[in-house]
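Reviewing the structure listed below.
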Amino acid sequence: MTAVVAGVDIGSTTAKCVVLGEDSRILGKSLSVVGVDIVKDAERALEAALADAHLSRPEVSFITGTGYGRYKVYFGQLVVTEISCHARGANFLFPGTRLVVDIGGQDTKAIRIDDKGEVVDFAMNDKCAAGTGRFLDVCANALGYDVGEIGPLSLQARRAVKVTSTCTVFAESEVTSYVSRGKDPKDILAGLHASIANRTLSLMQRVGVEPEVTFTGGVSQNEGMVHALHRRLGVPVNVSPLSQYLGALGAALHGRERLSGGAA
Amino acid sequence: MSDVVSAPAVSGGVSRSFLRDARGLQRKLVEEYYGAFASVDQPRRPVAYMLVGGNLTEILRSFGYDVVFPEIVALNCAIKHQSLENILHAESLGYGLDVCGYVKNDLGLQDLGGKTSFGQIPRPDLLVCSFSGCYVYVKWWEALAESYGAPLFMFDVPYMREETPRQEDIAYLVSQLWELVHLLEKRTGRAFDMNELKRVLAESRRAEDGWVEFLRAGRLRPSPIEAYFESIFYMFPINVLRGTPGAADFYDVVNEEVRARVRDGNYPLPEEKFRVLVEGVPPYTNYRTFWDFFRKWGAVSVVATYPKVGGLFDRGFRHDPSRPFESIAEYSLGAYVNQSWPLRRKIIADYVKEYQADAVIIHGIKSCRSFTAGQGDLRDWLIHDQGVPTLYIESDHQDPRYFAPAQIKNRMDAFFESLEQRRAVAAAAGAAPG
């Protein structure tokens, strides 16, 4: 039997899939926007990753679902929360990780892990999307930028403004107010990133800040956010082009463990 | 093997065969209690409103009062999905979003005429504020007093910072109890009857013995009881009917049922995978959903702090007919909600050991800062100082708008997942040679 395994991470904004080979090498991956039909989104994510890996469905021995849509990964054999998966994925990529910061579309999580990638403690934002990817989307929109542009722009700021609001809706009003007062959008963006870093730090402190810190989730691809977190924490932050896939990667690793008879 | 034992752990709702005679009797007692207020066959007895924490039921009962607990009325409304209408009505009267859900449910219900699906809530003839540790409660009782034009007796209970009550505090409370007795004599025209109080206290004591026997069954492995979700039902007699023979008899039925469960192997779940301690007020509006989040993981609450809000009887306290006023004072001082955080921590740490709990789940409620404030520190203390895996989740006990099932489930899934994983890793390490 070829021990190819896959992990499908259905988040609030994007679906990610990672196909892992026998030697735990990533054979293929996919990233797509989640719509209203999560079941189909999950299937498409898997098909796209399989196409990337030049594999067909029967060649995959085990599939694990994770993320908010994990129960809609009907074709999978195992369901694991994204908290355990990000922990495992971060440990795989950066074995020295003790704290994982995952900022996704609507969630921010701080996950303290041990040397095996097991969750020791975690904290999440509650009932509010402030400080998440959605927060950045709304603010980028208010400034007329695409969310992909704002990280690099924030790094060009000369004097970051103070964004005091902890509410996504009110932050948008605050951004509009700064714009009307003629503030440089780059300074506003730097302020927004610093505001998220402050909010995230509070979550991280709840579980205990301990290096190494690994940044995962979609927002980890925003270099302005990486910079803001690094600055606020005072310690380097691990980040990789694969950071957004760590949930899916962790799911695949959990699947492999289950397949080999361990407890996933 | 019974049906329950072979039933899948993840099936929804509460297993009916797990909750048998005792649950049926509890329902009957609730119906009789509320039904009596609407009865036209009997002359109406005077009604006193009181708070659960440190309540003075026995004294009121000895004067022939019926006691109504608006907190319990409110939780009955919430569990029957009737609280939101009352809360929204209270908000339309001007009570803010952050005001306690118990308070808003009650004031909204009263203003709407006091009619519930389980009975008509009678108007009070007397208001006894038996727990002064919560400023919002004091204001609640003042609002009721003004609304009904009923007299208000404020019972001032000093906060407990030491395990053993101080003699001067007991004396202070006893002096207030005599004030209450004089007020009751004046209002009822009856002379205080010490023998009647002693008789009521003896009934209370008998109920307390039975209640404790039930709670301590959680020490067994597997536990034949659900110390949080099931105990919630059985709190009604110990809090509302305490001092009546019916309350004491009820626990005889409960304990007989628990013994039968052990004999028949009829447990809350087919497999007790995790033994948990639960701290905090339950989300009554989504009680079954919340319970299912535990059941799914094979988690049984073997001990809980919330069922002790009406008295820490399992820590040794009993009402004592030979020391009537002193023991009532000690009871009021020793209410769980009247304990300082260091004392609450000690109780919880003791419970973890005594009941061999694998983990602690804390459910904080937005409504109540007096109960919930400090639970974040408790979580950190349990994890870092005691090495006990602990999860903190938050919603509300009354207001369904604050219960986010997906978020709560996600946190609970991740928590139990990590417990399961750690257990597997430890087992593998134990099995490894050398």
Exercise. If you check B:Val302 against the conditions, is it in contact with a Lys or Arg (Cβ under 7 Å, 6 or more places away or on another chain), modelled with pLDDT of 95 or more and within 21 Å of B:Phe415 (Cα to Cα)?
Worked result: yes
Exercise. What do you reckon, is A:Asp126 within 21 Å of B:Met412 (Cα to Cα) and either free of Cβ contacts under 8 Å to residues at least 12 places away in the same chain or assigned to a helix (DSSP H, G or I) (or both)?
Worked result: yes
For this session: Please tell me if A:Val179 is farther than 29 Å from A:Ile10 by Cβ and either in contact with a His (Cβ under 8 Å, 6 or more places away or on another chain) or crowded, with 24+ Cβ neighbours inside 10 Å (or both).
Result: no
Exercise. Is it the case that some residue within the range B:369-381 is out of contact with any Phe, Trp or Tyr (no Cβ under 8 Å at 6 or more places or on another chain) and modelled with pLDDT of 95 or more?
Worked result: yes
Exercise. If you take the residues in the range B:404-426 that are touching a Ser or Thr at 6+ places or on another chain (Cβ under 8 Å) and over 16 Å from A:Cys85 (Cβ atoms), which one is surrounded by the fewest Cβ atoms within 10 Å (Cβ to Cβ)?
Worked result: B:Pro405
Seminar exercise, completed: Taking the range B:409-422 and keeping only residues that are in contact with an Asp or Glu (Cβ under 9 Å, 6 or more places away or on another chain), at pLDDT 90 or above and at the interface with another protein chain (Cβ under 8 Å from one of its Cβ atoms), one is left with B:Asn410, B:Ala414, B:Ser418
For this session: Go through the range B:275-290 residue by residue and tally those that are touching an Asp or Glu at 6+ places or on another chain (Cβ under 9 Å), assigned to a strand (DSSP E or B) and closer than 14 Å to B:His397 by Cβ.
Result: 0
For this session: Would you list the helices (runs of 4 or more DSSP H) that sit entirely within the range B:171-266 and hold 2 or more residues that are without any contact (Cβ under 8 Å) to a residue 60 or more places away in the chain?
Result: B:194-216, B:245-264
Exercise. So which helices (runs of 4 or more DSSP H) stay within the range B:42-134 end to end and still have 1 or more residues that are closer than 19 Å to B:Glu146 by Cβ?
Worked result: B:70-79, B:83-92, B:101-111
For this session: Tell me which residues, restricted to the range B:382-403, are without any contact (Cβ under 8 Å) to a residue 24 or more places away in the chain and either basic (Lys, Arg) or more than 9 Å from chain A (Cβ to nearest Cβ) (or both).
Result: B:Asp385, B:Gly387
Exercise. Among the small types (Gly, Ala, Ser), in contact with a strand residue (DSSP E or B) (Cβ under 7 Å, 6 or more places away or on another chain) and either at the interface with another protein chain (Cβ under 9 Å from one of its Cβ atoms) or closer than 28 Å to B:Cys129 by Cβ (or both): does that describe B:Ala428?
Worked result: no
Problem set entry | Of residues in the range B:38-61 being farther than 23 Å from B:Ser132 by Cα and polar (S, T, N, Q), the one surrounded by the most Cβ atoms within 10 Å (Cβ to Cβ) | B:Ser39
Problem set entry | Every residue from the range A:218-231 that is crowded, with 18+ Cβ neighbours inside 10 Å and either of a type outside the set (S, T, N, Q) or in the same structural domain as A:Gln77 (by TED's automatic domain parsing) (or both) | A:Gly218, A:Val219, A:Gly224, A:Met225, A:Val226, A:His227, A:Ala228, A:Leu229
Exercise. What number of residues within the range B:199-225 are out of contact with any helix residue (DSSP H, G or I) (no Cβ under 6 Å at 6 or more places or on another chain), over 17 Å from B:Val309 (Cα atoms) and not hydroxyl-bearing (Ser, Thr, Tyr)?
Worked result: 7
For this session: Could you please find all residues in the range A:215-264 being charged (D, E, K, R) and either over 26 Å from A:Val33 (Cβ atoms) or at pLDDT 95 or above (or both)?
Result: A:Arg231, A:Arg232, A:Arg256, A:Glu257, A:Arg258
Seminar exercise, completed: Residues of the range A:168-223 being of a type in the set (Lys, Arg), more than 14 Å from every other protein chain (Cβ to nearest Cβ) and in a helix (DSSP H, G or I), in sequence order, are A:Lys186, A:Arg199
Problem set entry | Looking only at the range A:148-167, and only at residues there that are of a type in the set (A, V, I, L, M, F, W, C) and free of Cβ contacts under 8 Å to residues at least 60 places away in the same chain, the one that is nearest to the other protein chains (Cβ to nearest Cβ) | A:Cys167
For this session: Could you please let me know if B:Ala359 is more than 14 Å from chain A (Cβ to nearest Cβ), touching a helix residue (DSSP H, G or I) at 6+ places or on another chain (Cβ under 8 Å) and at pLDDT 95 or above?
Result: no
Problem set entry | For B:Ala406: the one exception among (1) assigned to a helix (DSSP H, G or I); (2) away from chain A (no Cβ under 12 Å); (3) closer than 30 Å to B:Gln82 by Cα | (2)
For this session: Kindly indicate whether A:Asp121 is at pLDDT below 95 and at the interface with chain B (Cβ under 9 Å from one of its Cβ atoms).
Result: yes
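The values are calculated or read from the model by the stated rules, or taken from the named source; none is laboratory data. Since this is a predicted model, take the numbers as computed values, not measurements. All Cβ positions, even for glycine, are placed from backbone atoms using ideal geometry, and neighbour counts span all protein chains on display.
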